[in-house]
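Here the structure is laid out as structure tokens; the discussion comes afterwards.
The values are calculated or read from the model by the stated rules, or taken from the named source; none is laboratory data. Predicted model, so just to flag it, every value in this text is computed and none were measured. Virtual Cβ from ideal backbone geometry, glycine too; neighbours counted across all protein chains shown. What goes into the accessible areas is simple: the full protein's heavy atoms, side chains included, and nothing from ligands, DNA or RNA. Shrake-Rupley method; radii C 1.70, N 1.55, O 1.52, S 1.80 Å.
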Amino acid sequence: FRVQDNDYNWSDWAESWLYVHGNKKPIAEIKAIDPSVVEKGADVYFNGSGYDSDGYIVTYEWSSTIDGVLGNQQDLIINDLSYGKHSIILRVEDNDGSWGELRFDFLSVYASPVAIAGQDLSIKPGGTVQFSGAGTDADGTIQEYEWDFDGDGVYEWSSEENGITTFLFNNEGTYTATLRVTDNDGKTGIDSTTLPASDAEEEGLLPSIS
């Protein structure tokens, strides 16, 4: 830079330096998604980081291929993710307005199936009871139905079609019949029904089946 006066004389040059460089993109890293397989409604913890060699990080963006944008904080806790297998994406923006490359990880959200054993019943020894077990699965289908008729942990009966069957109870006592259902993801659900078996006709007992 120089200046000229009214006598047309120029000053000496004055110099300074200006450095112009290209902006370097920031770098994102997914440090944790915990747990990576979770039941619907449970908390999931997201932890990420960002680095910018010529500046600093101003924005974090988490998103899911199923649910869209999840949040704009470095760390998140989310418990309302949809069912399914999510690709989780993290990207960061630096102070120059540049977004870095996407970083990916995976998360699976499942529903446990629900078993429905039916109502409690009073029965008579030597009577045959019909069980009408059922099951539901919010994110798939029931693949197997199993009955443990006497509460010993051994499932004596199974079917891939439904939970409808019969069983003969010979002796007096109180039995706990447990239905277990398994869905297409291999998850299980159980429900039980109580069956007091007695020859006595007592007031207040549930209707007997013989």
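Observations
- Checked against the criterion of being small (Gly, Ala, Ser) and within 30 Å of Asp139 (Cβ to Cβ), the candidates Gly71, Gly50 yield just one match: Gly71.
- Region 102-115, subset surrounded by fewer than 16 Cβ atoms within 10 Å (Cβ to Cβ) and over 11 Å from Asp185 (Cβ atoms), residue nearest to the chain's Cα centre (by Cα): Phe106
- Among residues of region 138-165 that are part of a loop (DSSP other than H, G, I, E, B), those with a beta-carbon under 7 Å from a residue that is β-branched (Val, Ile, Thr) at least six positions away or on a different chain give the pairs Gly151/Thr176; Gly151/Thr178.
- Verdict on Lys24 being within 30 Å of Asp137 (Cα to Cα) and charged (D, E, K, R): no
- Restricting Gly118, Gly97 to residues that are free of Cβ contacts under 8 Å to residues at least 12 places away in the same chain and either of a type in the set (D, E, K, R) or out of contact with any helix residue (DSSP H, G or I) (no Cβ under 6 Å at 6 or more places or on another chain) (or both) narrows the list to Gly97.
- Members of region 131-146 found to be among the acidic types (Asp, Glu) and open to solvent by 30 Å² or more (accessible area, probe 1.4 Å), listed by number: Asp139, Glu144
- The residues of region 67-94 that are of a type outside the set (A, V, I, L, M), closer than 22 Å to Ser53 by Cβ and either open to solvent by less than 60 Å² (accessible area, probe 1.4 Å) or not in a loop (DSSP other than H, G, I, E, B) (or both), listed by number, are Arg91, Glu93, Asp94.
- Criterion violated by Glu61 - all others in (1) farther than 14 Å from Val109 by Cα; (2) out of contact with any Lys or Arg (no Cβ under 7 Å at 6 or more places or on another chain); (3) open to solvent by 30 Å² or more (accessible area, probe 1.4 Å) satisfied: (2)
- For region 187-207, the count of residues that are open to solvent by 60 Å² or more (accessible area, probe 1.4 Å), at pLDDT below 95, polar (S, T, N, Q) and not in a strand (DSSP E or B) is zero.
- Test: residue in region 119-135 that is among the acidic types (Asp, Glu) and farther than 20 Å from Thr178 by Cα: no
- Residue in region 138-150 that is of a type in the set (Gly, Ala, Ser) and at pLDDT 90 or above present: yes
- The lone exception for Thr128 - which of (1) outside any loop (DSSP other than H, G, I, E, B); (2) open to solvent by less than 60 Å² (accessible area, probe 1.4 Å); (3) among the hydroxyl-bearing types (Ser, Thr, Tyr) it fails: (2)
- Qualifying positions in region 26-55 - outside any strand (DSSP E or B), at pLDDT 95 or above and over 24 Å from the mean Cα position of the chain (by Cα): Pro26, Asp52
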